[in-house]
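Since the structure comes first, as C-alpha cells, the remarks are kept for the end.
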Amino acid sequence: MAVIATSQQSCNGEIVDDEIEFDELAKNVSELEHKLGLPKGFFDQLLKEDDWSFIVKTHSLLDAALTLSISKAMGNEALDDFISSLPLNDSRRGKIALAKALKLIEPITVSLFRQISELRNKLVHNVLQTNFDFSAHLPTLKPDEFQLFCDVFGQTYGDTVVSNDGNTYALNDYIQTHPKVAVWRTCLMQLAMFTMLIESQELKKDHESLQAIHYKQMTEFYERWKIPSNFPA
C-alpha cells in the first residue's frame, strides 16, 4: 500500500499516526478488488497514473463499488443487470438516489460522488482535457468551490497534516499542494466502507440461508416422525 502522509495533527495539537489504520483500509479495498475481478493493487497503482487516468479510473471503481453495494442490499441477483444499467447521478432514478433510499450512503458520500463525477465528465467529454493536471485545475476554482473540494477530500485528515518529508501544513494548504493524494485517501476510505457494507450484506444473506436450511431440516424431521411442529418443549 502507498503511504503518503503518515500522521495528522488534530485541533488540540496531538500527532496521530494513521499508517496502521490505512493499512486496514487497504486490506478492505483489496477484498473489494477481488470481488470486482480486478487485479490486486489496482487502486494503489492509480496514484502512479497521470491525473486524467486517475480520475476516470477512480470514478469507474467507485461506480462499480456502489453498484455492487446496491445489488447486495437488494438481495436479488435477477436485478443485477437492471441496477448496473441505471445512470449514476440521476436525482430520481440513479444509483445514488437508490442508495440514499436504501440508507446505504451518507451526504458526504453523495458530495464525494458529485465532485468526482463532475471532474470525470469534464475530462471525458473534451479531448483537450487529456492533459488534465490538478495543479492547473485548482487555481481555476472559485473560493467556495475550492473550500468544498477541501471539505470533501480533507475528511481523512486533521486540521494540520504532517507529510512524509516532515513538513507541516494547514489542511487547505496541504490539499492545494497534494490534491491527488487527498482524493486518493478519501476514495480509499469510501471504497473500504463499501467493502464492509457488501460483506455485512453477504453475512446477512448467509445467515438467512442457514436459517432456511435449518427450518427445512426441522420440518422434514417433524414430518418423518409425525411430530407436530408446535409440540411443547
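Every number here is computed from the coordinates shown, using simple stated rules; none is lab data. No experiment lies behind these values; they were computed from the predicted model shown. Every residue, glycine as well, gets a Cβ built from its backbone with ideal geometry; the counts of neighbours run over all protein chains shown.
Using the Karplus relation 6.51 cos²θ - 1.76 cosθ + 1.60 with θ = phi - 60°, the per-residue 3J(HN,Hα) values for the stretch 165-173 come to 7, x, 7, 10, 10, 5, 3, 5, 5 Hz, with x marking Gly and Pro. Remark on residue 89: its backbone amide H falls under 5 Å from those of 95, a criterion applied only to residues 5 or more positions apart or on other chains, H modelled at 1.01 Å from N.
The distance between label points at residue 130 and residue 199 comes to 4.0 nm (points 7 Å beyond Cα on the Cα→Cβ vector).
Listed from fewest to most Cβ neighbours within 10 Å, the set 184, 52 follows the order 52, 184. Residues with amide H under 5 Å of residue 132's amide H, sequence separation 5 or more or different chain, H placed in the peptide plane at 1.01 Å from N; which? Here the answer is 52, since their amide H atoms fall under 5 Å of that of residue 132.
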